[in-house]
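Student: Have a look at the structure that comes next, please.
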Amino acid sequence: MTCTEFLALLDDLIDDSVAAEARAELELHLRRCGHCEVILNTTRKTIEIYRSHQIYDLPAGLRERLHAAIMARCKKGC
Amino acid sequence: MSAIQPIAGELEPHPDVALVDRVRGGDVSAYDALVRKYERQIFRIAQHITQNREDAEDVMQDAFLKAYEKLDQFQGNSKFYTWLVRIAVNESLMRLRKRRTGKMVSIDEDVETEEGSVPRDLADWAPDPEQNYTQAELGRVLEKTIKGLPPGFKVVFELRDVQGLSTEDTAEALGLSIPAVKSRLLRARLQLRERLSRYFRNKRGAKK
């Protein structure tokens, strides 16, 4: 397996949706290729960091404003 | 085995269906529950697309109001959240088009970015690299890093990797094909990794 072939299956590997046969080939490639191992680990870490440190928090008061807008709309006709 | 067991979740209606039914029956508090459940996610999607806090606030409000008004058009064959995301994405794009007067902005445009998807930075990262930053610093790094990605990449990454939607639900929410979602996700992941490497690479190792 080449690095390009490895990259093509990177997402499937991360999402754990690789067939057993392909997984064995990917794992063999990983044992031999330090670069691809770094790419896999740091891509996994990228996802993990974005998942655990969620950006763009809800501004204070927005929920209340939205609630008031929904109630106002509702009074008009619902 | 005497009987075929149903696949878990297949026959159980999604909990949102019951809430939607209550709203249709006139119970506004059920809509409040839906808002509370999804407000953060919808706000982040709007921020990713509009790149502007005020616009994102307006989009979030308009999307929830529009969804409320159009609830009769919501059909149970799609999930409420994917339907809501679709409304929020359209609202975000409309807002962006207004701001950029005339310039076309689209989520399904397949952008070839300069970075492409060939990893160049192959240095390993420090162990737990986020520990070297305060929460506020890390937040700025993550925002700055994702900001430059095309809108379609950001939203696919947000839905699939941050919010944990399936490829199929992401495709439905964004009106994209499954291969298009997959291709954007790979490029988003690789480009974010590449950009984060500048901050997180193992500096001690690099000096050796």
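The values are calculated or read from the model by the stated rules, or taken from the named source; none is laboratory data. Note that the coordinates shown come from a computational prediction; the quantities given were computed from them, not determined experimentally. All Cβ positions, glycine included, derive from the backbone under ideal geometry; neighbour counts span all protein chains shown.
Student: Specify the residue that is nearest to residue B:106 (Cα to Cα); the eligible residues are those in segment B:21-59 that are within 9 Å of another protein chain (Cβ to nearest Cβ) and basic (Lys, Arg).
Tutor: Looking at the filtered set, the residue picked out is B:44.
Student: Please find, among B:140, B:189, the residue that is under 15 Å from the mean Cα position of the chain (by Cα) and either closer than 22 Å to residue B:77 by Cα or outside the structural domain of residue B:78 (by TED's automatic domain parsing) (or both).
Tutor: B:189
Student: Okay, moving on. Could you list all residues from segment B:60-82 that are in a helix (DSSP H, G or I), more than 11 Å from every other protein chain (Cβ to nearest Cβ) and without any contact (Cβ under 8 Å) to a residue 40 or more places away in the chain?
Tutor: B:73
Student: Would you be able to say whether some residue in segment B:75-98 is modelled with pLDDT of 80 or more and of a type in the set (Asp, Glu)?
Tutor: Yes, the conditions are met somewhere in segment B:75-98.
Student: What helices (runs of 4 or more DSSP H) completely inside chain A contain at least 1 residues that are surrounded by 15 or more Cβ atoms within 10 Å (Cβ to Cβ) and more than 9 Å from chain B (Cβ to nearest Cβ)?
Tutor: Working: elements: A:3-8, A:10-14, A:20-32, A:34-52, A:62-76.
Qualifying helices (runs of 4 or more DSSP H): A:3-8, A:10-14, A:20-32, A:34-52.
Student: Where residues in segment B:143-188 are in a loop (DSSP other than H, G, I, E, B) and within 13 Å of another protein chain (Cβ to nearest Cβ), which of them is modelled with the lowest pLDDT? Steps first, answer last, please.
Tutor: Residues of segment B:143-188 in a loop (DSSP other than H, G, I, E, B): B:148-150, B:163-166, B:175-177.
Next cut, within 13 Å of another protein chain (Cβ to nearest Cβ) only: B:149, B:163-166.
Numbers: B:149: 92, B:163: 95, B:164: 95, B:165: 96, B:166: 95.
Residue satisfying both the conditions and the ranking: B:149.
Student: Out of the residues in segment B:127-155 that are among the hydrophobic types (A, V, I, L, M, F, W, C) and buried (at least 17 other Cβ atoms within 10 Å of the Cβ), state the one that is farthest from residue B:175 (Cα to Cα).
Tutor: B:138
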